[in-house]
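The values are calculated or read from the model by the stated rules, or taken from the named source; none is laboratory data. For clarity, every value in this text was computed on a predicted model and none was experimentally measured. Heads up, the Cβs are rebuilt from the backbone with ideal geometry, glycines too, and the neighbour counts pull from every protein chain shown. Accessible surface areas use protein heavy atoms only, side chains included; no ligands, DNA or RNA. Shrake-Rupley method; radii C 1.70, N 1.55, O 1.52, S 1.80 Å.
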Amino acid sequence: MKVIATPAHAAHAPSGELEGGRFVPAYEVPARVDLILGALEAHSFAAPEAPSAFGEAPLLKVHGAAYLRFLEDAFPAWRAKFGDDHPSAFPSTLLGRHLRAMKPRDIDALLGYYTFDIATPLHAGTYGAARAAADSALTAARHLHEGAPAAFALCRPPGHHAAQDLYGGYCYLNNTAIAAQWLTDQGRRVAILDIDGHHGNGTQTIFYERADVLTVSLHGDPRDTYPFFLGYADETGAGAGEGFNLNPPLATGSRLDAYREALNAAIARIEAFGPDTLVVALGVDTFAEDPISPLALIEADYPRLGAEISRLKRPTLFVMEGGYALHAVGNLTANVLLGFSQASS
Ligand code: OKP
Ligand code: ZN
């Protein structure tokens, strides 16, 4: 399986985030990539290939131009306002209900205009790392389009919580959606299966009114789990997209038996959609020991996830999303990919 990765992600190295009213060490850290690469090497995967630069055009199919300029300019503006001893930009005011969506001039407020949480740090290296992650997803997508049966884009930062002009949940550019859109633009029929433990709200929103891309997400119950404000089973798409979004319900704390039921429903819906290409938003924070996991899968379950996905027998692009149990993230990720490859061959 082709693996696309780049050290450029390391420029995004958040020192911490807000949790429980405290500044705690960040969960979404550069070591995640190193640990995954180490596990891939230990399992004899081919050496990773660097991404090519695709430019802004494929990003603009998913994100707004003003949003991209915001992401690029935010940190310099933050520095100009607060000075060098404020290494991470977080908003202090969000655009909540009953307010007016007026785009502010003040940088602190502008962050709150473009994000939906206060735990996603933006700093000097963030935009460059996010662009490199999007290029990784696009490069892997191009391999698929050129005939590779499977490819893995080791993206960091992740992307599935980011929408057209919204960041949050450690995500800035929606790598999965950007790759899916690019594949669609090549004339392919794409289904997205998001197996990260959190709802892929950004991906769902981007394709919500479209029938040409099917979106399916398996995740912990949004009543208990981030992103909380989207991801319910009654979100089935809208307008022309009615019936083209699926959120199979999963109880908090689910193990493989319950998880597989939801996965089977997902696979049946994807089969009925009849895609020629599958994009998997691969998060391994479904793991019981994950520090922010709502679900309870164990290590032995991960090759089975890969094997179940291979039943669809479609060219498959895996795009890395979450996974924060540093002692396990490498093996869990490698095991999904190995389970997929072994069952496909
Ligand atoms: C990103 B992805 C922990 C708060 C967690 C954000 C979760 C983002 C998950 N105190 N809040 O893996 O889906
Ligand atoms: Zn997640």
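Here are some notes:
- Of the accessible area of the chain, computed with a 1.4 Å probe over protein heavy atoms only, carbon and sulfur atoms account for 55 percent.
- Subtracting the Cα-Cα distance of residue 165 and residue 311 from 0.36 nm times their residue separation leaves 49.1 nm of extension gain.
- Between the stretch 294-314 and the stretch 45-97, the Cα center-to-center distance that results, in Å: 32
- Accessible surface calculations at 1.4 Å, restricted to protein heavy atoms, place the chain at 39 Å² per residue.
- The angle between the Cα long axis of helix 256-273 and the longest principal axis of the Cα atoms of the chain comes to about 80 degrees, rounded to the nearest 10.
- Placing a pseudo-label 7 Å from each Cα along the Cα-to-Cβ vector at residue 80 and residue 233 gives an inter-label distance of 5.1 nm.
- Residue 186 versus residue 292: modelled label distance in nm, points set 7 Å from Cα along the beta carbon direction: 3.1
- Approximate shape of the stretch 98-166 as ellipsoid semi-axes (Cα gyration tensor, √5λ), whole Å, largest first: 32, 13, 10
- Measuring nothing but how far apart in sequence close Cα pairs (under 8 Å, 6+ apart) lie, relative to its length, the chain scores a relative contact order of 18 percent.
- Calculated on the alpha-carbon coordinates, the convex hull of the stretch 239-286 measures out at 106 cubic angstrom per residue.
- Taking the longest Cα principal axis of the chain as reference, the axis of helix 126-145 is set at about 20 degrees.
- Cα-projected label distance for residue 223 with residue 22, points at 7 Å along beta-carbon direction, nm: 2.9
- Each helix, a run of at least 4 DSSP H residues, gives -39500 (n - 2.57); summed and divided by the residues of the chain, these come to -11000 deg cm²/dmol at 222 nm.
- Binned Cα-Cα distances of the stretch 32-149, short to long, each 10 Å bin given as a whole percent: 11, 32, 29, 19, 8, 0
- Counting only Cα atoms, the size of the chain along its three principal axes is 56, 45, 39 Å, in decreasing order.
- Percentage relative contact order, the stretch 33-169, counting C-alpha pairs under 8 Å, at least six apart: 29
- A straight line joining the Cα centroids of the stretch 255-273 and the stretch 185-214 runs 16 Å.
- Angle between the chain longest axis and helix 329-344 axis [Cα atoms, degrees, rounded to 10]: 30
- Hits among lysines - C-alpha to C-alpha of residue 103 under 21 Å, sequence gap 8 or more where chains match: 81
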